[in-house]
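The values are calculated or read from the model by the stated rules, or taken from the named source; none is laboratory data. The model shown is predicted, which means the values in this text are computed figures rather than measured ones. No Cβ is skipped: glycine too gets one built from the backbone with ideal geometry, and neighbour counts run over all protein chains shown. Ligands, DNA and RNA are excluded from the accessible area calculation, which covers all protein heavy atoms including side chains. Shrake-Rupley method; radii C 1.70, N 1.55, O 1.52, S 1.80 Å.
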Amino acid sequence: MVGDRVNLLGLSRAELEAFVAERLGAKPFRARQLMKWIYRRRAADFAAMSDLKQEFRAQLQQAAKITVPEIVAQQQSADGTRKWMLRMDEVQGIETVYIPEPGRGTLCISSQVGCAMDCTFCATAQQGFNRNLSVAEIVGQVWLADAGRADGRTITNIVFMGMGEPLANYRNVVPAMRIFMDDLGYDLSRRRVTLSTSGLVPQIYKLAEECNVALAVSLHAPNDALRNELVPINRKHPIDELLTACWHYIDKQNGRSITFEYVMLDGVNDRPEHARALARLLRGRPAKLNLIPFNAFPGTRYRCSPAAAIVRFRDILNEHGVIATTRRTRGDDIDAACGQLAGRVTDRTLVRLGSKLLGRRAAAEVE
């Protein structure tokens, strides 16, 4: 029956092999053929898979489907950056961004509808949190962006820097990353798939055991007092604990370095003493610092540090032996820059809180 059809998008090689063997009675090489058609050739119609036997294609039509998220809006920046709003259901929407550069095409994807980390300088966090994305919804962003490019460029890099905290959706993010790196999937090297986290320490240790990708960490402050304010998860996992996990990840995965992201907020975290404190934390470690000019969004109380302050901050770090670069802002004219993705989110956490409050009020009235 149609209702029982399995969405093949987002299934790993092993899962596809199990599906074709157990559901269709086919040999494992059919799964490998399917992977190539789905990811390399971006096929969504089984009838177009010409090297599959007609009988096998008919079986697939009955038992399987390839379903991707629906594009509800798209915008293109003056600098070539493209942003898609994708429908997750009748209410929810997420955003995905493609950033073209000479010799490189980076796709910034989302892992959740909204985010529960509550970082005060991030537009996504201000929307609240609704749910995790499935593997198919994560991989589907890459499938759509790859199929929808008209400029002839390829996606060379995938970064989990869109909406959501990837490590809070560990069970779906890791399988998606494995598909990105599978030679029958998107065949990207581990250095071209980057996971950015605000600092979920237990999951960093778990990732070190299970999946080797580039790791980026949202640091944004050189001390616990300030980071507690900017990145609330720091109250649970303070900087020393976070950095210990980072160095373990590098040792375990034989990686080159951790990229630490640092948004530049005028008068908040951009003073010379902050730069010197950062240098003391990171000097002599396998670390690179990426300074990110703050991108404003409606209702924010922050402002971007002046260009001169960012240059001074970077120079202090470099002088103290820490590699620091400044990220070039892309897509800010379509709200596609770092920290600006908002999507369309019904905050489920607030809904639950409201229900509890209504229940308490009703109980009080009965009493």
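Taking region 53-79 as the range and being in contact (Cβ under 8 Å) with a residue 60 or more places away in the chain and open to solvent by less than 50 Å² (accessible area, probe 1.4 Å) as the test, the residues that pass are Val68, Pro69, Ser77. Against the list (1) open to solvent by 10 Å² or more (accessible area, probe 1.4 Å); (2) modelled with pLDDT of 95 or more, the condition Val322 fails is (1).
Counting the residues of region 187-223 that are of a type in the set (Gly, Ala, Ser) and touching a Ser or Thr at 6+ places or on another chain (Cβ under 9 Å) gives 6. With respect to the conditions (1) in a strand (DSSP E or B); (2) in contact with a strand residue (DSSP E or B) (Cβ under 6 Å, 6 or more places away or on another chain), Thr154 falls short on a single one, namely (1). Suppose we keep only residues that are of a type in the set (D, E, K, R) and within 27 Å of the chain's Cα centre (by Cα) within region 17-43. Which one would you say is nearest to Asp146 (Cα to Cα)? Restricting to residues being of a type in the set (D, E, K, R) and within 27 Å of the chain's Cα centre (by Cα), the top hit is Arg42. Restricting attention to region 257-279, does a residue exist that is modelled with pLDDT under 95 and among the charged types (D, E, K, R)? Within region 257-279, not a single residue is modelled with pLDDT under 95 and among the charged types (D, E, K, R). Residues of region 280-300 that are touching a strand residue (DSSP E or B) at 6+ places or on another chain (Cβ under 9 Å) and more than 12 Å from Ile310 (Cα to Cα): Leu281, Leu282, Arg285, Pro286, Ala287, Lys288, Leu289, Asn295, Ala296. Is one or more of the residues making up region 165-178 outside any helix (DSSP H, G or I) and under 16 Å from the mean Cα position of the chain (by Cα)? Yes, there is a match, as at least one residue in region 165-178 is outside any helix (DSSP H, G or I) and under 16 Å from the mean Cα position of the chain (by Cα).
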